[in-house]
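Take a look at the structure below.
The values are calculated or read from the model by the stated rules, or taken from the named source; none is laboratory data. Note that the structure is predicted; figures quoted are calculated from it, not measured. Reconstructed Cβ throughout: ideal geometry from the backbone, glycine too, with neighbour counts over all protein chains shown.
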Amino acid sequence: MKILVAGGTGFLGSTIVDALLFADMEVGVLSRSRPANSRVSWVQGDVTDPTRLDEKLRGWQVVIDAVQLPNYPMENPRKGLTFERIDLGGTINLVDAAKAAGVNHFVGLSGNGAAEDAPYHWLRFKWQEEQHIIQSGVPYTIFRPSWVYGEQDVSLNRFLGFARFLPFVPIIGNGKTRISPIFVGDAAAYIANAAMQAPKNRIFELAGPQELTMDEIVKTALRVQGKKRLLLHHPVWFMKIVAGVAQFLPGRPLTPDAMDFVTMEGTADNTEVVEAFNIPMKTLEEGVSTYLR
């Protein structure tokens, strides 16, 4: 089977590529720069530029949309790096091109909490993506992942980075935000299996096997590392002030919206996806132990 992964050089996308290669699929990567993996075919392209995109997709049986906003989740409107342009606009272009190219199956990655009336704009854009995929007429599978963590992630590892040189780990908010984190290898396995199976025209929530608070997540990761650190909580309002200044620094390390992103609830019901694909999932401790211990 010929499967093309758009965004196959990113954190989750590259892991999906590895899972497909392990299953002996013929894999291509649609990206702006050449992928480091020599076992894949490179399809040079940018989902924000629909020019001849359908020609680049022709001949591929399945397309997986794993494109992610650069410096996720920090938007940079001055450079056009926004959820609206990359996530929503890129998905619309990719789905339309897939339909024109005669692709048999489109696998879309939405977000946990996507809804028409979601409180945050990135989740409303994800819902609009889903609607466009569904209405396209291309057979589809849509996943709504919760917080995906792993060796190359910039979320959990960003918190743990402070433990290298500080006696504490800063936590945004009260640390009681509830999340169902999923190991990147597990998420990739589910997505790859969906791509290799017959389309089901279904939407699946994709979450890990545990519901934990942010404090519990950080404490678990620290325990695996053999470190003891104080968790220092900072009010969201205070961190938004800090982020309001930091967003003008080189690299745009923080934005006010990102404070909402990292403190929003992230639980999900994975019953349906486990029943459909029946792939074991790692607990948080098992997952972080693969790269932190």
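Here are the numbers:
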item: Residue list for segment 240-293, restricted to those being aliphatic (A, V, I, L, M), within 26 Å of Arg223 (Cα to Cα) and either out of contact with any Ser or Thr (no Cβ under 6 Å at 6 or more places or on another chain) or in a loop (DSSP other than H, G, I, E, B) (or both); result: Met259, Val262, Met264, Ala268, Met281, Val288, Leu292
item: Options Thr290, Thr263; residue that is among the β-branched types (Val, Ile, Thr) and within 16 Å of Trp122 (Cβ to Cβ); result: Thr263
item: Breaking point among (1) at pLDDT 95 or above; (2) among the small types (Gly, Ala, Ser); (3) more than 17 Å from the chain's Cα centre (by Cα), for Gly90; result: (3)
item: Segment 238-259: number of residues that are surrounded by fewer than 18 Cβ atoms within 10 Å (Cβ to Cβ), in contact (Cβ under 8 Å) with a residue 12 or more places away in the chain and over 18 Å from Lys79 (Cα atoms); result: 2
item: Search result, residues across segment 197-208 that are modelled with pLDDT of 95 or more and outside any strand (DSSP E or B); result: Ala207, Gly208
item: Selection from segment 35-94 of residues that are of a type in the set (Lys, Arg), free of Cβ contacts under 8 Å to residues at least 24 places away in the same chain and not in a helix (DSSP H, G or I); result: Arg39, Arg52
item: Residues satisfying the stated conditions in segment 160-177, i.e. closer than 20 Å to Ala243 by Cβ, modelled with pLDDT of 85 or more, in a loop (DSSP other than H, G, I, E, B) and not polar (S, T, N, Q); result: Gly173, Gly175
item: Filtered residues of segment 209-239 (kept if under 20 Å from the mean Cα position of the chain (by Cα) and not in a helix (DSSP H, G or I)); result: Pro209, Gln210, Glu211, Leu212, Thr213
item: Within segment 121-143, considering residues that are in contact (Cβ under 8 Å) with a residue 60 or more places away in the chain and crowded, with 18+ Cβ neighbours inside 10 Å, the one nearest to Gly59 (Cα to Cα); result: Tyr140
item: Complete set of residues in segment 263-293 that are closer than 18 Å to Asp215 by Cβ and touching a helix residue (DSSP H, G or I) at 6+ places or on another chain (Cβ under 7 Å); result: Thr263, Leu284, Glu285, Val288, Leu292
item: Odd one out for Thr220 among (1) modelled with pLDDT of 90 or more; (2) under 26 Å from Ser110 (Cβ atoms); (3) β-branched (Val, Ile, Thr); result: (2)
item: Filtered residue count, segment 101-111, keeping only those that are in a loop (DSSP other than H, G, I, E, B) and under 13 Å from the mean Cα position of the chain (by Cα); result: 2
item: Answer residue from segment 107-153, given it is β-branched (Val, Ile, Thr) and in contact with a Ser or Thr (Cβ under 6 Å, 6 or more places away or on another chain) and is nearest to Ile203 (Cα to Cα) among those; result: Ile142
item: Unmet criterion (only one of (1) at pLDDT below 95; (2) out of contact with any Asp or Glu (no Cβ under 7 Å at 6 or more places or on another chain)) for Val29; result: (1)
item: Matching entry among Ala98, Ala114 (being assigned to a helix (DSSP H, G or I) and either under 21 Å from Ile191 (Cα atoms) or in contact with a strand residue (DSSP E or B) (Cβ under 8 Å, 6 or more places away or on another chain) (or both)); result: Ala98
item: Of residues in segment 178-188 being assigned to a helix (DSSP H, G or I) and in contact with a Ser or Thr (Cβ under 9 Å, 6 or more places away or on another chain), the one surrounded by the fewest Cβ atoms within 10 Å (Cβ to Cβ); result: Gly185
item: The one condition in (1) over 21 Å from Val288 (Cα atoms); (2) among the acidic types (Asp, Glu); (3) modelled with pLDDT under 95 that Glu151 fails to fulfil; result: (1)
